[in-house]
Amino acid sequence: MTGKVTDTVNSDHPAHDPVLRGGDRDTLLTLVRVDERIRLLKARLDALPETAEVERLEEAEAARRRREIGTRRIAHDIYGTLRRLKADSARLRERRRDDIAGLRAVTDPVRRRDLRHDLEVAERRLAELREDIAREQRTLATFGHALDGAEDSREGNPGHAGDGATGHGDAGRHGDTDAGAELARARGEERAVTGEIRRQLTELAARSVRLRAALPHEILVRYERCERDQGIGAVELDGSTCRCCCIQLDTATMRRFAGTPPDRLVSCPECGVLLVRAVSSGGADHV
Ligand SMILES: [Zn+2]
């Protein structure tokens, strides 16, 4: 593919389009393909379905935690109410005991009537309190998954609500474990995929550095200037569409390229990126 290169400058191939000598074409083409692969892998890394799945599960987990905190707050209030109701109940039972003891000891009819009246009031109030306590405990049981019965056991008084809560709590905790395992699995998959892509990127980056070092200074300067301005150093021109700006080159430009020696690099008149034209024989090794 090497040949006598005429470095004559005329209007058909401007002075700023460098000439490829010796193995420059292969080096440049390989660099173009290596850098294209790097861009593809970086884009893939930014839009991995595995990452989207991890984000979805993390959001679901955060929502579950927010709900749990809300539920715990409500449950905390119910525990407070229950403690108050149970204390009232204990006081009334004591009053009932005193009334019954009084009725055994007292003979005065007026005093006995007062005691009987007080006993009736205490019994009625105790019945109301039992209903109140049962209602609060039923409500507590519906929040079961957020509770561990910790409040009850702290009081050394594991009540029925605690039992009910534990029953629901098991199901809730199993759900948490499943969600946690799913998130851990999704994170593992994401790590595996990103790890493999990063490994490839490291190799390709080292290869890109070596290829750049092998390019003539003039070509490298042009390549890196295009890369800075366009995000792409050079593209292969296959057909008549620039793969950097995606614009189809007009026939006048294509005719000018056809009249330009194949060893001379050309650039896209639209975006300025270096164009490496296809040659019929040889070429760079595949990436
Ligand atoms: Zn272009």
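The values are calculated or read from the model by the stated rules, or taken from the named source; none is laboratory data. Because the structure is predicted, anything quoted here is derived from the model rather than measured. Backbone-built Cβ (ideal geometry, glycine too); neighbour counts: all protein chains shown. Ligands, DNA and RNA are stripped out before the accessible areas are found, and what is left, the full protein with its side chains, is counted by its heavy atoms. Shrake-Rupley method; radii C 1.70, N 1.55, O 1.52, S 1.80 Å.
As for the stretch 205-225, it holds no residue that is within 16 Å of the ligand (Cβ to nearest atom), exposed (fewer than 13 other Cβ atoms within 10 Å of the Cβ) and assigned to a helix (DSSP H, G or I).
Checking 68, 53, 59 one by one, the residue that is open to solvent by less than 90 Å² (accessible area, probe 1.4 Å) and either under 30 Å from residue 201 (Cβ atoms) or not in a helix (DSSP H, G or I) (or both) is 53 and no other. Can you find a residue that is open to solvent by 40 Å² or more (accessible area, probe 1.4 Å) and modelled with pLDDT under 85 anywhere in the stretch 177-184? So far as the stretch 177-184 goes, yes, one or more of its residues are open to solvent by 40 Å² or more (accessible area, probe 1.4 Å) and modelled with pLDDT under 85.
Please count how many residues of the stretch 226-243 are assigned to a helix (DSSP H, G or I) and either surrounded by fewer than 13 Cβ atoms within 10 Å (Cβ to Cβ) or aliphatic (A, V, I, L, M) (or both). Even if it seems obvious, please write down each step before you answer.
Restricting attention to the stretch 226-243, the residues satisfying the condition of being assigned to a helix (DSSP H, G or I) are 226-230.
Within this subset, residues satisfying the condition of being either surrounded by fewer than 13 Cβ atoms within 10 Å (Cβ to Cβ) or aliphatic (A, V, I, L, M) (or both) are 228-229.
Adding up the residues that qualify gives 2.
With respect to the conditions (1) at pLDDT 95 or above; (2) open to solvent by 70 Å² or more (accessible area, probe 1.4 Å), residue 278 falls short on a single one, namely (1). Remark: pairs (first residue in the stretch 29-48, touching a residue at least 12 places away in the same chain (Cβ under 8 Å); second residue surrounded by fewer than 17 Cβ atoms within 10 Å (Cβ to Cβ) and small (Gly, Ala, Ser); Cβ separation under 9 Å; 6+ apart in sequence or on different chains) = 29/283; 31/214; 34/205; 38/205; 39/231. Pull out all pairs, ordered by first then second residue, where Cβ-Cβ is under 7 Å, the residues are six or more apart or on different chains, the first lies in the stretch 254-278 and is of a type in the set (S, T, N, Q), and the second is within 16 Å of the ligand (Cβ to nearest atom). Here the result reads 260/266; 267/17; 267/273; 267/274; 267/275, each pair linking the stretch 254-278 to a residue that is within 16 Å of the ligand (Cβ to nearest atom).
Scanning the stretch 94-110 for residues that are in a helix (DSSP H, G or I) and either of a type in the set (A, V, I, L, M, F, W, C) or exposed (fewer than 13 other Cβ atoms within 10 Å of the Cβ) (or both) gives 94, 97, 100, 101, 103, 104, 105, 109, 110. Annotation for the stretch 177-195: no member residue is touching a strand residue (DSSP E or B) at 6+ places or on another chain (Cβ under 9 Å) and part of a helix (DSSP H, G or I).
Only one entry in 118, 35, 46 is more than 49 Å from the chain's Cα centre (by Cα) and either at pLDDT 95 or above or not hydroxyl-bearing (Ser, Thr, Tyr) (or both), namely 118.
Annotation: of all residues in the stretch 234-265 being among the hydrophobic types (A, V, I, L, M, F, W, C) and more than 11 Å from the ligand (Cβ to nearest atom), the one that is farthest from residue 218 (Cα to Cα) is 252.
If you check 213, 252, 284, which single one turns out to be farther than 14 Å from residue 38 by Cβ, of a type in the set (A, V, I, L, M, F, W, C) and modelled with pLDDT under 90? First the steps, then the outcome.
Numbers: 213 fails: modelled with pLDDT under 90; 252 fails: modelled with pLDDT under 90.
One residue alone meets the criteria, 284.
In the condition set (1) part of a helix (DSSP H, G or I); (2) open to solvent by 50 Å² or more (accessible area, probe 1.4 Å), residue 261 is compliant with all but (1). Out of curiosity, is residue 272 crowded, with 16+ Cβ neighbours inside 10 Å and on the phi > 0 side of the Ramachandran plot? Criteria met by residue 272.
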